[in-house]
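Chemist: Here it is: the structure, laid out below.
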Amino acid sequence: MLDHLFEADHMTLLAGGVAVAVVLMVLMRWVGQRVATQSAAPALSGDGSFDYAIAGTDAHQPALARIAGRRPTEMGEERVAELQPSLTPAGELVAMLIQIDNARIGEIPTRDLPHFHAATGGRAARCDAVVLKEDDVLVVRLDIVWPPRLA
């Protein structure tokens, strides 16, 4: 029985292989797991000034050094910062944590939390950020307009 299979010419074998591949793709499509990508956090409006300094960067110098590299330039290292709200069970905002490259690097100062809560509605947001070296300490400045608002 297998002897007859090997007598076919190469075009017949190629056509058979393509047919099997198409059947496998259709089968995988029908029974495959459907994956929905998570929607990106809304962006905060920025004006390109990078003048909003965040708090708590002193405690996260190793993470900032990894992000900025061995020798940060005078212009700094531009990244996208993710602002993650920390809410009480009652829905009150107690902190807005800042992450860059999945590393916590600081938080929004407490005095500004009501402004960010009003802008984001207690949801996560993102904005452009720059990691700079000032007085031998790495700091982060966000590119946002004041008062903060969504783009």
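Chemist: Based on DSSP H assignment, which helices of the chain show an axial Cα extent of at least 30 Å together with a mean Kyte-Doolittle hydropathy greater than or equal to 1.0? Mind showing how you got there, number by number?
Modeler: Numbers: long enough: 10-31 (31 Å, 1.88).
Membrane-span-like by this criterion, though nothing is claimed about a membrane: 10-31.
Chemist: Residue by residue, what Karplus-based ³J(HN,Hα) values in Hz, rounded to whole numbers, does segment 135-147 have, using 6.51, -1.76 and 1.60 with θ = phi - 60° and x for Gly and Pro?
Modeler: With coefficients 6.51, -1.76 and 1.60, one gets 6, 6, 10, 7, 10, 10, 10, 9, 9, 9, 8, 10, x Hz.
Chemist: Mind ordering 87-100, 128-141 by average Cβ neighbours within 10 Å, highest first?
Modeler: 128-141, 87-100
Chemist: Something else about it: Of all DSSP beta bridges in the chain, what percent run antiparallel (nearest 5)? Please list the in-between numbers first.
Modeler: Values: 27 of 28 bridges.
The answer is about 95 percent antiparallel.
Chemist: Now a separate question. Could you calculate the contour length gain from Asp9 to Asp47, that is, 0.36 nm times the residue separation minus the distance between their Cα atoms, to one decimal place in nm?
Modeler: Between Asp9 and Asp47, full extension yields an extra 7.0 nm.
Chemist: Could you list which residues have their amide H under 5 Å from that of Ala43, counting only those 5 or more apart in sequence or on another chain, with H placed in the peptide plane?
Modeler: Distant-sequence amide H within range of Ala43: Arg126, Ala151.
Chemist: Comparing Ala103, Ala43, Ala15, which has the greatest mean-square fluctuation in the GNM of the chain with Cα pairs linked when under 10 Å apart?
Modeler: Answer for the Gaussian network model of the chain: Ala15.
Chemist: Here's a follow-up. Taking all protein chains in place and a 1.4 Å probe, what share, in percent, of the accessible surface of the chain do carbon and sulfur account for?
Modeler: That fraction is 57 percent.
Chemist: So, one more: First measure r as the distance between the Cβ atoms of Trp146 and Ala65, then evaluate 1/(1 + (r/R0)^6) with R0 = 25 Å and state the FRET efficiency to the nearest 0.05.
Modeler: Efficiency, rounded to the nearest 0.05: 0.30.
Chemist: Only residues of segment 50-81 count here: report those whose backbone N is under 14 Å from the spot 7 Å along Cα→Cβ of Glu134, or say none.
Modeler: Zone members listed by number: 50-58, 75-77.
The values are calculated or read from the model by the stated rules, or taken from the named source; none is laboratory data. Since we're looking at a predicted model, the values are computed, not measured. Here the Cβ is made from the backbone with ideal geometry for all residues, glycine too, and neighbour counts use every protein chain on show. Note: areas computed on protein heavy atoms with side chains; ligands, DNA, RNA excluded. Shrake-Rupley method; radii C 1.70, N 1.55, O 1.52, S 1.80 Å.
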